[in-house]
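Quick notes on the structure that follows.
Any read-out appearing in this document is the output of simple, stated calculations on the displayed coordinates, not a laboratory observation. For clarity, every value in this text was computed on a predicted model and none was experimentally measured. Glycine also receives a Cβ, built like all others from the backbone with ideal geometry; neighbour counts cover every protein chain displayed.
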Amino acid sequence: MSKKSLRWILGSVALVGVLGQNLLADGFRNPPPGAVGLGRAGVIAAQVDDASAIFYNPANLIDLNSPEFELAASLSKSKTEYSRPGYSASTDNSWGVLPNVFFAYPLSDVVLNSKPVVLGLGLTTPFGQSSEWDKDSFLKYTSPYWAQMQLLNINPSAAIELAPGLSLGVGVDIYLSSLKFKQSFPWSQVLHAQAPDGNAVFSGDGAGLGGNAGLTWAITDKQRLAFTYRSQVTVDYSGDFTVDNMPPLPPVPPFNALSPGSDFDSSLRFPDMFSVGYGIEIAPGLKLESDVEYLRWSLNERQPIAIGNNAPLMNGATEIVNDWKDTWTAGVSAEWRVDKIWTVRAGYLYLPSPITDQTLLPVLADTDTQVLALGLGWRKGGHAVDVAYAFNCYQDRNVTDNHNPAVNGDYENSSQLVSLDYIYTF
């Protein structure tokens, strides 16, 4: 087998390309957490007024006068269809649940420079998901057929009013992540003789640390301007690499160094995120907002990957070139509080993909998309229940110049996303 072929067999497993099929677009980022936020397509940084401000803009925690608990879950299912002349295939992804929890606590008896303080804690799943193609599909030997990445962000936060109408929030992001992916390996091509295929499994866990901040300025009683920032986080993964059905190998280099198992190490850089939001209440109970966000996906330009003594299987490759590009997202949203009980929400968001045609992998066949979201909220006393649905208009993608010609073709995405949350105000 040629060096080029061997490089594609396992060298194509760029981790950033095997972290799962995203439901929206935007690399491997998950949808906005909670039905309140999703109902406005995540365009809520300036006007978020519940405990989920921990995620969207911690500065707005200062608006809470009582302790608040929020439990949110999104039910999701996505599908990617691939086609080229004479051939078609599709993913087989099951329904998944993305859980998020928020708790905010105003410290009415504690002041900092004569200003009240609000503390918060969020447990969110901002990145991840999974994707699965048939093991014997067009991906065989050239790309992973199954991939899953999970990430939990533990996000303690605090907010203070700096001056009348001006609040600041800061938080810490503690990322705990795991990933696992599988790929068929052709021992027969290595030995140039009949041999059963192997199943190569990469599995690792890691952690990373970052921070976030938000600033909200109430320009008038009806207008708000918000700025948010979430820092990049590097997660270093370590774990195991295994490959089964290993046949008897020649007792000469590099074959004599191979084994059914070895260490697995890599790292992934999650992007810096900057956003600006402007919100206005144009009539009693009717709010509009527009947000713009910048994401530094180009941090994933290159990614190290190592599998210990099994490195010869990757022909000595030590990194994967991804060449992701930075992106801008933009959206608008509306919220209408019909009365003291019912609230209606809607939002639109444009999400361009950071992944280029040259480096796209089928397990993350990201495309540009437009998101339309609707939400409905019910509140009575200290209890609130919200539900939201997001409809995604994906742009079909025709790939003709991928570094791996085997994955060239047409990609069409579809997804279902429903979010439900419960809020209790003490």
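For segment 303-313, filtering for residues that are crowded, with 20+ Cβ neighbours inside 10 Å, among the hydrophobic types (A, V, I, L, M, F, W, C) and not in a strand (DSSP E or B) leaves 2. Among the residues of segment 58-111, those that are assigned to a loop (DSSP other than H, G, I, E, B), among the small types (Gly, Ala, Ser) and under 29 Å from Asn398 (Cβ atoms) comprise Gly86, Ser94. With respect to the conditions (1) within 18 Å of Asp221 (Cα to Cα); (2) assigned to a loop (DSSP other than H, G, I, E, B), Arg40 lacks only one, and its number is (1). Screening Leu162, Leu121 for residues that are assigned to a strand (DSSP E or B), surrounded by fewer than 19 Cβ atoms within 10 Å (Cβ to Cβ) and more than 23 Å from the chain's Cα centre (by Cα) leaves exactly one candidate, Leu162. Filtered by the rule that a residue be touching a helix residue (DSSP H, G or I) at 6+ places or on another chain (Cβ under 7 Å), without any contact (Cβ under 8 Å) to a residue 60 or more places away in the chain and either aliphatic (A, V, I, L, M) or surrounded by 15 or more Cβ atoms within 10 Å (Cβ to Cβ) (or both), segment 247-302 gives Leu249, Pro254, Ala257, Leu258, Ser262, Arg269.
Taking the listed residues Tyr87, Tyr105, the one that is among the aromatic types (Phe, Trp, Tyr), closer than 30 Å to Phe426 by Cα and surrounded by fewer than 21 Cβ atoms within 10 Å (Cβ to Cβ) is Tyr105, with no other qualifying. For residues in segment 265-294 being over 17 Å from Ala226 (Cα atoms) and hydrophobic (A, V, I, L, M, F, W, C), which is nearest to the chain's Cα centre (by Cα)? Ranking the qualifying residues of segment 265-294, first place goes to Phe270.
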